[in-house]
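Worksheet for the structure shown next.
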Amino acid sequence: MKISVVGLGYVGLVTMAVLSDNGYNLVGIDTDREKIQRLQEGEVPIYEPGLSVLIEKNRKMIEFSNSYDSIKGSEYTIICVPTPTVNDRIDVHYVIESGKKANEIDPNSMIVIKSTVTPGTAKMLSEIINKDILSNPEFLREGNAVKDTINPDRIVIGGRAGVENFSRIWSFTNSKIIMTTNENAELIKYASNAFLATKISFINQMADLCEKIPGADIKVVADGMGMDKRIGRAFLNAGPGYGGSCFPKDTRAIVSFAEDVGVELSIIKCTVNYNEDRIRSLVNRIEKIITDKSSRIIVLGLSFKENTGDLRESKSVELIMELKRRGYDSIKAFDPVTSQFNGIDLFTEVETALEWSEFVIVATEWPSFSDFLKRVKDKHIIDLRRIIDDKTVKLDYGVGLNATN
Ligand SMILES: NC(=O)c1ccc[n+]([C@@H]2O[C@H](COP(=O)([O-])OP(=O)(O)OC[C@H]3O[C@@H](n4cnc5c(N)ncnc54)[C@H](O)[C@@H]3O)[C@@H](O)[C@H]2O)c1
C-alpha cells in the first residue's frame, strides 16, 4: 500500500519512518526545497533518537518529493503540516491548502489530518472538498517520538467513514484504538495537551509554596502525589515551565477557540498566564543569588526539553534573553545538540564551559548533566530542573527547595 505524508517535520518524518518499517511504501512531500534535497541526499534534518537509523534502514520504501503530484495512487494522504497560533488563534490554512491540493491531485486518496487542529477543522475541509476526512491526532513526545509512534498509549481516529479500514494500518502497534467522530478526535488532542500543561503549572505553583516552607521539597511532594494512581507521577517535575512547539500554542488556541463559542476555560487560562510569567519570576530569584551582573554564567541546555534539538518556545532561550535584558553580560550556554544560535554564545565542550563559569544554571534535563555536575565542586549551581540528587553538591538555588533545607 502506498501512503503519502505531507509536511516532514517531527510528526511527518517519524510517521513515515515507522510506517515504512512496517511494510508500507511511503512518499513524503514538503514545500521546503532545501529540506527535501537534504533528505534525498540521505541527511535527516532533525535530531530525534532512532529516526536516522529507521529512515536509512527503509530507504527503498521511502521517496521524498517537493511535488504534490507524487501523491497520485496513495491510499491515504496524511497531513502533518504546521498549525501555528497567531495572535492567540489557530491558523489552519496550511492544513486546508494542503488538503485541497492533495485532493486535486488524487481525489481517491483518503485525507487524514494528523496536525493538531481545533474541533470543526476536518468538517471545514470536508465541506470544501466534498468528501469525508479522517482525523488522527498525534500524541508523540519529541525526544521519544519513534518509540511513542511504535508503541503509543492509544490511537485516536475520528471520521464518518473509513475509520476501521484506516485503523488497520496501525495494527502493528497493539495499542488501544479509539474510533469516534472527527470532533471528539480533535478535542481529545487539545484536552490532553491542556491537561498536561496544567499539571506542569500546578506543580510549579506547589514548588513556589515549598520554597517558603523550611523542610519542604517539591521532589518528595511530587513523588508522594504521583504514587496515587489517580494522579500519576508524569508531568509533575517542577522547573522553568513548559515550552516547545505544542503546549504553548495549543493551550492558547483552545482558550480562544472556547471563547469564540462562549465558554471560558479559566483553568487553562491560569495555566497559560502562570507559565508565561514563570521565567520572569525565576529570574527575580536568580537576581538575588547572582548579585554581580558581570559574573560568568553558563546555562546548561538550550532546547525546550532533553533529547531534542527543538528550540521552539524554549524556556532556556527565554531565560538567557531575560537575564541579558536585566544586564547580565557574561552569559553563555552549552547544549549537547545545538552549537549555534543567533544572539547566544555557545560552548561546544561541556568541560570547557564549566571550567569558564562561576555560576551554572541547569535549564534542561539532559541525562548527562547530572554526571558532569557531580565532578564540579567549586561552582555555584542553580538547578531549575532538580536533576542533582547528590547531597554533597551544594545548590545555591533548587526549584521547589527551601533554602534552609
Ligand atoms: N512536534 C510535536 O511534538 C508534535 C506532537 C503532536 C502533534 N504535533 C502537531 O503536528 C503538526 C506538525 O508539527 P511538527 O512539529 O511536525 O511541525 P514542523 O514544523 O516540525 O514540520 C512541519 C513541516 O511541514 C512543512 N510544510 C509547511 N507547509 C506545507 C505545505 N503546505 N505542504 C507541505 N509541507 C508543508 C514545513 O516545511 C515543515 O517541514 C502540528 O499541528 C503540531 O501541532 C506536533
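The values are calculated or read from the model by the stated rules, or taken from the named source; none is laboratory data. Predicted model only: the values in this text are computed from it and were never measured. Cβ: placed from backbone, ideal geometry, glycine included. Neighbour counts: every protein chain shown. Side chains are part of the model used for accessible areas, which takes the heavy atoms of the whole protein and leaves out ligands, DNA and RNA. Shrake-Rupley method; radii C 1.70, N 1.55, O 1.52, S 1.80 Å.
What the table below lists for this structure:
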item: Rounded if a/c under 1.5, otherwise prolate or oblate - the stretch 190-398, Cα gyration tensor axes; result: prolate
item: Accessible area expressed per residue, the chain, with surrounding protein chains retained (probe 1.4 Å, Å²); result: 46 Å²
item: Neighbourhood charge, 14 Å Cβ-Cβ cut-off, centred on residue 104 and excluding it, Lys, Arg +1 and Asp, Glu -1; result: +1
item: Relative contact order [Cα under 8 Å, 6+ residues apart], the stretch 190-398, whole percent; result: 18 percent
item: Sites residue 31 and residue 392, calculated FRET efficiency, Cβ-Cβ separation with R0 56 Å, nearest 0.05; result: 0.55
item: Karplus (6.51, -1.76, 1.60) ³J(HN,Hα), θ = phi - 60°, over the stretch 383-394, in Hz, Gly and Pro reported as x; result: 9, 7, 10, 6, 8, 8, 9, 5, 5, 7, 8, 7
item: Cut-off under 5 Å, modelled amide H: who pairs with residue 306 long-range; result: 365
item: Peptides 242-250, 116-124, 212-220 ordered by average Cβ neighbours within 10 Å, highest first; result: 242-250, 116-124, 212-220
item: Charge-dipole axis of the chain as Lys and Arg at +1 and Asp and Glu at -1 on Cβ define it, positive-most pick from 44, 198, 187; result: 198
item: Rel. contact order, % - alpha carbon contacts under 8 angstrom, at least six apart, the chain; result: 13 percent
item: Cα gyration tensor shape of the stretch 48-141, rounded if a/c is under 1.5, else prolate or oblate by comparing a/b with b/c; result: oblate
item: Other-chain or far-sequence residues with amide H under 5 Å of residue 79's (modelled H); result: 6, 112, 113, 114, 115
item: Kirkwood hydrodynamic radius of the chain, Cα pairs, Å; result: 22.7 Å
item: Separation of alpha-carbon centers, the stretch 71-106 and the stretch 223-258, rounded to whole Å; result: 27 Å
item: Gyration tensor (alpha-carbon) shape descriptor, the stretch 2-180, a/c threshold 1.5; result: rounded
item: Neighbourhood net charge (12 Å Cβ-Cβ; Lys/Arg +1, Asp/Glu -1) for residue 132; result: +2
item: Apportionment of accessible area to carbon and sulfur, the chain, percent (1.4 Å); result: 51 percent
item: Rounded to whole Hz, the Karplus (6.51, -1.76, 1.60) HN-Hα couplings of the stretch 53-59, x for glycine and proline; result: 4, 5, 5, 4, 4, 10, 2
item: For the stretch 203-286, alpha-carbon Rg over 2.2 N^0.38 Å; result: 1.26
item: Axial C-alpha extent at least 24 Å, average Kyte-Doolittle at least 0.0 - helices from the chain (DSSP); result: 182-211
item: Rounded to whole Hz, the Karplus (6.51, -1.76, 1.60) HN-Hα couplings of the stretch 395-403, x for glycine and proline; result: 8, 6, 7, x, 4, x, 10, 5, 4
item: Under 5 Å, built H, 5+ apart or other chain: amide partners of residue 178; result: 155, 156, 157
item: Separation between Cα centres of the stretch 116-157 and the stretch 164-219, rounded to whole Å; result: 15 Å
item: Separation between Cα centres of the stretch 261-309 and the stretch 1-25, rounded to whole Å; result: 35 Å
item: Relative contact order computed over the stretch 2-180 (Cα-Cα under 8 Å; 6+ residues apart), in percent; result: 20 percent
item: Pairwise Cα inverse-distance average, inverted: Kirkwood Rh of the stretch 28-96 (Å); result: 14.0 Å
item: Cross-link pairs 123/269; 189/249; 219/377 - those with Cα-Cα distance over 18 Å; result: 123/269; 219/377
